[in-house]
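The values are calculated or read from the model by the stated rules, or taken from the named source; none is laboratory data. All of these numbers come straight from a predicted model, not from anything done at the bench. With ideal geometry, Cβ positions are generated from the backbone for all residues, glycine too; neighbour counts draw on all protein chains shown.
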Amino acid sequence: MDQVPSSPQDAQSLPTCYRHPDRETGIRCTRCERPICPECMVSASVGFQCPDCVRNGSGTGHAPSASQPRTLAGGTVSADPRLLTKILIGVNLLLFLVQMSLGDRFTDRFYLVAREWIPELGPSFQGIAEGQWYRLVTSMFLHSSGVTHILFNMLSLWWIGGPLEAALGRARYLTLYFVSGLAGSALTYLLAAPDQPSLGASGAIFGLFGATGVLMRHLNYDMRPLVILLVINLIFTFSPYFNISWQAHVGGLVGGVVVGYAMVHAPRKRRSLIQFGVCALVLAAVVIMTVVRTAQLT
């Protein structure tokens, strides 16, 4: 027996997509049971889900953030991938203005020095060996009085840091920056003369150089421009005509390569554990170098 064709009234009885009211559909979301058209259907392990349920992780057994896009290193993709780089540059420039306003008395309190008598700060010795460990960090944000020093560092931070922040994500990028900078500070404290002052963001920036090299090699990019730039910087670093702390550059570079390799090559299954575990190991090396040098000087 032939079926009677559906009447127009039967066709109009179909529900419409909740996102496109002009489209009729017979499909419903397996989670919220709202009607969805073919354009809104997202394949799931069982049936189809609507975009809202997929975005919110409703009933999927994982957090909503699990469906967010990720960077190559597993970080969250942000709307402004250079935000932290801009903030770091802003902090460095702000402190440079403070240095210019307050003079050497401010800078003397925060630059990296192992052990030195600074008459302006009192009758006692000053430095990391005297318990002022904060100098390992504060020295990373100070620069000499000349504009050239901070100009080159901030330009390098913008050129190298911005793309690296986008590739790693904010948390991993900031961790790399500080761990590399501390590695440079610790090696300077360990090997430099006790009364040799050191300051500047170069250690952290050389760490970004190292991590960028690891990333470019992983992506099979042409590394010749980076190698040339790094060689030029190293020539200046070891030149006797410039008063540069080579220990900070080398320490930062090594720290950046180690951390960068962990960030880029960590297997996805245990990515965060390996990435931040390697950072912890580098920080442990920083602590060991600091303790050893302090024992030598006290």
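Hey, does the range 83-103 have a residue that's part of a loop (DSSP other than H, G, I, E, B) and either of a type in the set (S, T, Y) or modelled with pLDDT of 95 or more (or both)? Steps first, please.
We begin by selecting, within the range 83-103, every residue part of a loop (DSSP other than H, G, I, E, B); these are 103.
Now restrict to residues that are either of a type in the set (S, T, Y) or modelled with pLDDT of 95 or more (or both): none.
Checking the range 83-103: not a single residue is part of a loop (DSSP other than H, G, I, E, B) and either of a type in the set (S, T, Y) or modelled with pLDDT of 95 or more (or both).
Can we say G169 is small (G, A, S) and out of contact with any strand residue (DSSP E or B) (no Cβ under 9 Å at 6 or more places or on another chain)?
So G169 does not fit the description; no.
If you check G184 against the conditions, is it within 22 Å of V278 (Cα to Cα), surrounded by 24 or more Cβ atoms within 10 Å (Cβ to Cβ) and either polar (S, T, N, Q) or under 18 Å from the mean Cα position of the chain (by Cα) (or both)? Before you say what the answer is, go through the steps one by one.
Details: within 22 Å of V278 (Cα to Cα): yes; surrounded by 24 or more Cβ atoms within 10 Å (Cβ to Cβ): yes; either polar (S, T, N, Q) or under 18 Å from the mean Cα position of the chain (by Cα) (or both): yes.
Against the criterion (within 22 Å of V278 (Cα to Cα), surrounded by 24 or more Cβ atoms within 10 Å (Cβ to Cβ) and either polar (S, T, N, Q) or under 18 Å from the mean Cα position of the chain (by Cα) (or both)), G184 qualifies.
Taking the range 225-267 only, how many residues are under 19 Å from E165 (Cα atoms) and either part of a loop (DSSP other than H, G, I, E, B) or among the small types (G, A, S) (or both)?
The qualifying residues number 6.
I274 - would you say it is among the β-branched types (V, I, T) and out of contact with any Phe, Trp or Tyr (no Cβ under 8 Å at 6 or more places or on another chain)? First the steps, then the outcome.
On the way: among the β-branched types (V, I, T): yes; out of contact with any Phe, Trp or Tyr (no Cβ under 8 Å at 6 or more places or on another chain): yes.
For I274, the condition - among the β-branched types (V, I, T) and out of contact with any Phe, Trp or Tyr (no Cβ under 8 Å at 6 or more places or on another chain) - is met.
Does the range 145-160 contain at least one residue that is touching a residue at least 40 places away in the same chain (Cβ under 8 Å) and more than 21 Å from L229 (Cα to Cα)?
yes
Among the residues that make up the range 110-120, is at least one of them part of a helix (DSSP H, G or I), touching a helix residue (DSSP H, G or I) at 6+ places or on another chain (Cβ under 6 Å) and surrounded by 14 or more Cβ atoms within 10 Å (Cβ to Cβ)? Spell out how you get there, then give the answer.
Our first condition is that a residue be part of a helix (DSSP H, G or I); within the range 110-120, this holds for 110, 119-120.
Then keep just the ones that are touching a helix residue (DSSP H, G or I) at 6+ places or on another chain (Cβ under 6 Å); that gives 110, 120.
Next, only the ones that are surrounded by 14 or more Cβ atoms within 10 Å (Cβ to Cβ) stay: 110.
There is at least one residue in the range 110-120 that is part of a helix (DSSP H, G or I), touching a helix residue (DSSP H, G or I) at 6+ places or on another chain (Cβ under 6 Å) and surrounded by 14 or more Cβ atoms within 10 Å (Cβ to Cβ).
Suppose we filter V264, V257 for residues that are surrounded by 13 or more Cβ atoms within 10 Å (Cβ to Cβ), within 21 Å of V287 (Cβ to Cβ) and in contact (Cβ under 8 Å) with a residue 24 or more places away in the chain; which single one remains?
V257
In the range 136-155, is there at least one residue being surrounded by fewer than 22 Cβ atoms within 10 Å (Cβ to Cβ), assigned by TED's automatic domain parsing to the domain that holds I244 and of a type in the set (F, W, Y)?
yes
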